Amino acid sequence: MTEPGPSCGDPIRVLLVEDHAGFRVVVRALLESDERLIVVDDVGSAGEALSHPLLEHVDVALVDIGLPGTSGIEAAKRLRLLHDGLRVLIMSGSGFDRAADDALAAGADAYLEKGALHQDLIEAIVAAGERGRAPAREA
């Protein structure tokens with residue numbers, strides 16, 4: 001028997017994947033300021049995300065495109081293969097360009113600029129998390 005997914009009233013569980021520690025701290029604090037979100041963990045590489053012991057309990061992975069080693073685009077592909085219900089949002093500091101098309105083709109649910117307004121980032125995560133949840137069943 002599989003464990004049921006989160007209901008619509010539960011906070012959205014986020015895994016933050018960003019190699020710049022200072023930026024990771026800032027983004028984590030931002031996300032944790034919103035009661036609709038819980039940051040399960042923050043990690044600095046795709047490898048850490050792909051092998052994370054709580055990955056199956058994550059609703060949304062917020063992934064930097066420019067990770068060392070395995071790129072955020074490749075990480076998006078692999079994360080979706082490991083966890084079918086996971087929503088993946090790719091962040092980039094370079095704006096919307098060819099990389100955005102590549103990220104979306106790799107299975108990312110959205111491509112966000114790191115300079116986006118704070119509320120835009122939170123709303124994108126909430127929207128992705130809600131899309132990944134099954135509608136509540138009536139008893």
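In table form, for the structure just shown:
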{"read-out": "Scan of segment 73-97 for residues that are open to solvent by less than 50 Å² (accessible area, probe 1.4 Å) and among the aliphatic types (A, V, I, L, M), ordered by number", "value": "Ile73, Ala75, Ala76, Leu79, Leu86, Val88, Leu89, Ile90, Met91"}
{"read-out": "Count - residues of segment 52-72 that are surrounded by 22 or more Cβ atoms within 10 Å (Cβ to Cβ), within 13 Å of the chain's Cα centre (by Cα) and among the aliphatic types (A, V, I, L, M)", "value": "6"}
{"read-out": "Residue match in segment 117-133 (condition: within 20 Å of Ile12 (Cα to Cα), open to solvent by less than 30 Å² (accessible area, probe 1.4 Å), modelled with pLDDT under 80 and more than 14 Å from the chain's Cα centre (by Cα))", "value": "yes"}
{"read-out": "All positions within segment 11-29 that are within 13 Å of the chain's Cα centre (by Cα) and in a loop (DSSP other than H, G, I, E, B)", "value": "Glu18"}
{"read-out": "Pick from segment 83-116, criterion acidic (Asp, Glu) and within 19 Å of Leu67 (Cβ to Cβ), ranking: modelled with the lowest pLDDT", "value": "Asp97"}
{"read-out": "Failed condition for Arg98, given (1) over 15 Å from Val14 (Cα atoms); (2) touching a Gly at 6+ places or on another chain (Cβ under 8 Å); (3) among the charged types (D, E, K, R)", "value": "(2)"}
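The values are calculated or read from the model by the stated rules, or taken from the named source; none is laboratory data. Because the structure is a prediction, the values reported are computed rather than measured. Note that each Cβ is placed from the backbone with ideal geometry, even for glycine, and that neighbours are counted across all protein chains shown. Surface accessibility is based on the protein's heavy atoms, side chains included, excluding ligands, DNA and RNA. Shrake-Rupley method; radii C 1.70, N 1.55, O 1.52, S 1.80 Å.
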